[in-house]
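The values are calculated or read from the model by the stated rules, or taken from the named source; none is laboratory data. Here the structure is a predicted model, which means the values were calculated and not measured. All Cβ positions, even for glycine, are placed from backbone atoms using ideal geometry, and neighbour counts span all protein chains on display. For accessibility, only protein heavy atoms count, side chains too; no ligands or nucleic acids. Shrake-Rupley method; radii C 1.70, N 1.55, O 1.52, S 1.80 Å.
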Amino acid sequence: MQAKHLLTLADLEPAEIDGLISLAIELKANRGAAEAKPLSGKTVAMIFSKSSTRTRVSFQVGIYELGGHSMFLDHGDLQLGRGETMSDTAKVMNRYVHAVVIRSKSHEGILEYARHATIPVINALTDRYHPCQLLADLQTIQECKGRLAGVRVAYLGDGANNMAQSWAVAAKLTGIQLTIGAPTGFYPDLDHVNTLAGSGSIRLTDDPFDAVAGADFIYTDVWVSMGFEAESEERIKKLTPYQVNEALVAHAGDAVRIMHCLPAKRGMEITSGVLDGPRAIIWDEAENRLHAQKAVLTQIMSNNGKK
Ligand code: CP
Ligand code: NVA
């Protein structure tokens, strides 16, 4: 990949997304069998200011499997937690490590960091975008359907959060037909998405049944993302009609597959019956975080990494 950083999916050309997915599928098939070690002798710092299970563990395992060393750094333990700026932190980290993976409370924070980074910066989730999750999602869809263009994805629930925003960018870059089923006030910031990934139609509807009709995949995420806890009550009230439950899935048809980035709030945005049911491909999706991120690390370090 040509871009130095992966801050949103729009840092990638459509052909680069295809290349990363192919590499991820290849790495998955060959896991453990004489893998290349492109990160040999390299240290990747992981600065996290929010909780994480999948992203943290899959990055650390992936970095190890690629021959590198990962260093997990909780934001609160660094001087960042006492007010040192992202830019000063970046200027120091540039001198020590070979890449940095950041989970940041604000997207502006990672942008500020990246402006001062001479090493690759990978977005491990901000309040606005989660590109690593999307790459794993796209890999999972490619594995199921053998293609991305023309595939119909219905995103239900909080259509304004980091996952929905990331889906909007992904749809524009891949030709996936995206419908967002959400109430007024919970749609993505399409003006911002358009500045990243150009125009292209994304269907918005406040009717959850209309949203899933004919969908190949139904995707959902928590109604209360990290950092939005104060709005819990209002969000639950407004988003309850968009729950992915048995009736909604039945409306989409037998072939539909269910996706969720996890962690899930069982009984809220998705029922346990659907999450554990035969149409869910959620655990494959979680596994693919590992393979997709190994592909990103391999590419970003080979083109932009310091020696
Ligand atoms: N999907 C995801 O990013 O999960 P974590 O918050 O557990 O990393
Ligand atoms: N939208 C969720 C995604 C978690 C992976 C959040 O930001 O909390």
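Do we have residue 255 as in contact with a Lys or Arg (Cβ under 9 Å, 6 or more places away or on another chain) and touching a residue at least 12 places away in the same chain (Cβ under 8 Å) here?
Yes.
Counting residues in region 120-132 that are surrounded by 23 or more Cβ atoms within 10 Å (Cβ to Cβ) and over 17 Å from the mean Cα position of the chain (by Cα) gives one or more. Those strands (runs of 3 or more DSSP E) of region 1-113 in which at least 1 residues are surrounded by fewer than 19 Cβ atoms within 10 Å (Cβ to Cβ), more than 16 Å from ligand 2 (Cβ to nearest atom) and hydrophobic (A, V, I, L, M, F, W, C), considering only elements entirely within it, cover 69-74.
Considering only region 234-285, how many residues are assigned to a helix (DSSP H, G or I) and either open to solvent by 40 Å² or more (accessible area, probe 1.4 Å) or among the β-branched types (Val, Ile, Thr) (or both)? Qualifying residue count for the region: 17.
Within region 127-148, the set of residues being farther than 23 Å from residue 101 by Cβ and assigned to a loop (DSSP other than H, G, I, E, B) comprises 146, 147, 148. Residues that are under 12 Å from the mean Cα position of the chain (by Cα) and touching a residue at least 40 places away in the same chain (Cβ under 8 Å) were ranked within region 146-182; the one that is nearest to residue 208 (Cα to Cα) is 164. Figure legend. Inter-residue proximity from region 122-145: first residues under 23 Å from residue 187 (Cα atoms), second residues within 11 Å of ligand 2 (Cβ to nearest atom) and part of a strand (DSSP E or B), beta-carbon distance below 6 Å, spacing 6+ or different chains. Indicated pairs: 124/103; 125/103. Here residue 209 meets the list (1) hydrophobic (A, V, I, L, M, F, W, C); (2) away from ligand 1 (no atom under 16 Å from the Cβ); (3) surrounded by 24 or more Cβ atoms within 10 Å (Cβ to Cβ) almost entirely, failing just condition (3).
Residues in region 212-233 that are open to solvent by 60 Å² or more (accessible area, probe 1.4 Å) and more than 16 Å from ligand 2 (Cβ to nearest atom): 1 in all. All of 226, 259 fail the test of being at pLDDT 95 or above, of a type outside the set (D, E, K, R) and within 23 Å of residue 105 (Cβ to Cβ), apart from 226.
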